[in-house]
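The values are calculated or read from the model by the stated rules, or taken from the named source; none is laboratory data. These numbers were taken from a predicted model, which means no experiment stands behind them. Neighbour counts are summed over all protein chains in view; Cβ atoms, including those assigned to glycine, are modelled from backbone coordinates with ideal geometry. The protein model used for the area step is the full one, side chains on, heavy atoms only, and it has no ligands, DNA or RNA in it. Shrake-Rupley method; radii C 1.70, N 1.55, O 1.52, S 1.80 Å.
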Amino acid sequence: MQVSVIGAGVAGLTCALELAERGVAVEVLERAARLGAGSCSWFAGGMLAPWCEQENSGPLIARLGVESLRWWREHFADTVVRGTLVVAHGRDAAELTQFGRRTAEFERLSGAAIAALEPDLAGRFERGLYFAEEGHLDARATLAALALRLESLGVRIRFGLEASVDRIPGRTVIDCSGLAAAARLGDLRGVKGEMLLLRSREVSLGRPIRVLHPRLPVYVVPRDDGLFMVGATMIESDDGAHISARSMLELLSAAYALHPAFGEAQIVEIGTAVRAAFPDNLPRLRRAGGALHVNGLYRHGFLLAPALARRAADVLLRGSHFPEVMDEDPLQRRLA
């Protein structure tokens with residue numbers, strides 16, 4: 001079997017790696033000129049938080065996420081497992097209670113325990129939830145590491161190619177092109193995410209912090225060299241060209257409320273990306289238009305990609321079927 005994977009985001013690269021490690025001849029076709037350009041993976045927070053995500057996702061996301069977390073720890077040495085800290089300001093304390101009811105595998109922390117875990121947050125929060133087994137990674141460094149691993153296995157990533165199934169004769173195709181596949185996956189939609197990359201030498205955090213709010217919960221993810229990714233927004237839109245003034249204000253305000261030193265932080269980068277999602281926000285492996293599509297990862301790209309890649313490889317090589325993530329194209333079903 002010879003396989004062409006369309007898309008060099010995290011879904012495409014993990015699919016290619018799963019197949020290459022099983023001895024399959026693989027190539028990756030990417031329309032962008034370089035790794036990460038135009039990919040929502042480039043702007044991802046990289047949080048591996050299966051239990052936190054239960055707050056607004058079903059058990060399937062948690063189950064796939066736990067599997068993927070193990071995969072990242074096995075394949076990417078720089079995966080950080082220091083947990084996730086979830087907090088809320090006093091006026092939003094009810095949000096923390098609600099979050100705890102919807103999630104699992106956490107420890108309740110007092111203000112003193114929060115200070116011991118994150119000294120720079122001492123005196124700022126009275127209560128928190130600590131998900132000790134969760135992790136995070138640097139999305140951009142991880143994409144680069146995946147590309148290097150594929151190169152070592154003889155897998156070529158061909159950039160600057162506008163690939164489509166009908167232009168790849170004689171090869172099996174896995175399409176991981178996200179929203180670009182909307183013409184073939186009629187129920188796919190775009191969900192816009194916006195982020196800021198800040199640099200501050202005055203704040204030190206050891207793990208992702210989620211700050212709950214009834215309208216706009218925010219995450220702050222630490223990176224190397226004093227960098228912090230701040231994100232939150234989920235807007236029903238397929239226009240990823242610009243960040244809105246309102247979103248910028250809300251993200252900066254949330255970071256400042258977490259720690260006032262962020263008020264003096266340098267804004268290093270502003271980013272937007274459009275994630276592909278199905279109506280139920282659950283991922284799919286779907287055969288359509290002559291390809292196996294791996295799509296609909298929503299905001300869970302790094303959390304779900306390895307588990308879906310394993311299943312995609314099993315579908316191609318073993319004829320496996322995974323009813324929890326596989327369905328029929330609604331358009332084809334209506335035509336039938």
| query | Pairing the Cα long axis of helix 10-21 with the longest principal axis of the chain, what angle in degrees results, from 0 to 90 and rounded to the nearest 10? | reply | 60 degrees
| said: Rounded to two decimals, what is the ratio between the C-alpha radius of gyration of region 1-44 and 2.2 N^0.38 Å? | reply: 1.16
| request: On a 0 to 90° scale, report how tilted helix 93-102 is relative to the longest principal axis of the chain, with both axes built from alpha carbons and the result rounded to the nearest 10. | output: 40 degrees
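Under a Cβ-Cβ cut-off of 15 Å, what is the net charge of the residues other than Asp120 that fall near it, where Lys and Arg count +1 and Asp and Glu count -1?
Neighbour charge sum, excluding Asp120 itself: +1.
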| request: Using +1 at the Cβ of each Lys and Arg and -1 at the Cβ of each Asp and Glu in region 124-188, identify which of Phe131, Gly170, Ala144 lies farthest towards the dipole's positive end. | output: Gly170
| What nm value, rounded to one decimal, do you get for the distance between Ala112 and Asp92 when each label is placed 7 Å out toward the C-beta? | 2.7 nm
| request: Could you work out which residue, out of Thr84, Thr142, Thr172, moves most in a Gaussian network model of the chain, that is, has the largest mean-square fluctuation with Cα springs under 10 Å? | output: Thr172
| query | Nearest 20 debye, what's the magnitude of the dipole of region 228-336 about its Cα centre given +1 on Lys and Arg Cβ and -1 on Asp and Glu Cβ? | reply | 500 debye
| Between Ala309, Gly240, Gln266, whose Cα lies farthest towards the positive end of the dipole of region 186-336 when Lys and Arg beta carbons carry +1 and Asp and Glu beta carbons carry -1, centred on the Cα centre? | Ala309
| query | So what's the gap between the Cα centers of region 249-307 and region 139-207, to the nearest angstrom? | reply | 12 Å
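Please report the antiparallel percentage of DSSP beta bridges with both residues in the chain, rounded to the nearest 5. Show your work: numbers first, answer last.
Numbers: 41 of 61 bridges.
Antiparallel: roughly 65 percent of the beta bridges in the chain.
What number comes out for the charge environment of Ser110, summing +1 per Lys or Arg and -1 per Asp or Glu over other residues with Cβ under 10 Å away? Walk me through the numbers before you get to the answer.
Numbers: positive: Arg108, Arg127; negative: Glu126.
For residues surrounding Ser110, the net value is +1.
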| On average over all directions, what projected area in square nanometres does region 1-148 have, based on the convex hull of its Cα atoms? | 10.6 nm²
| task | Once you have the Cα-Cα distance between Ser237 and Asp78, take 0.36 nm times their residue separation minus that, and quote the gain in nm to one decimal. | result | 53.9 nm
| query | In degrees from 0 to 90, rounded to the nearest 10, what is the angle of the helix 245-258 Cα long axis to the longest principal axis of the chain? | reply | 50 degrees
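Within 13 Å, Cβ to Cβ, of Phe76, how many net charges do the neighbouring residues add up to if Lys/Arg are +1 and Asp/Glu are -1? Provide the component values of the computation, followed by the final result.
Details: positive: Arg70, Arg73, Arg140, Arg149; negative: Glu74, Asp78, Asp138.
Taking every Cβ under 13 Å from that of Phe76, the sum is +1.
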| request: Would you compute, from DSSP H runs of 4+ residues alone, the mean residue ellipticity of the chain at 222 nm, taking -39500 (n - 2.57) per run and dividing by the full residue count, rounded to the nearest 500? | output: -9000 deg cm²/dmol
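Rounded to the nearest 20 Debye, what is the dipole magnitude of region 84-215 about its Cα centre when Lys and Arg each give +1 and Asp and Glu each give -1 at the C-beta? Don't skip to the answer; put the middle values down first.
Numbers: 20 positive and 17 negative charges, 64 e Å.
Using Cβ point charges on Lys, Arg, Asp and Glu, region 84-215 gives about 300 debye.
Whole number in Å², please: accessible area per residue of region 1-154, 1.4 Å probe, ligands, DNA and RNA not counted.
Values: 6510 Å² over 154 residues.
In whole numbers, region 1-154 has 42 Å² accessible per residue.
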| field | Spacing of the two label points (7 Å from each Cα toward its C-beta) at Ala182 and Arg246, in nm | value | 2.0 nm
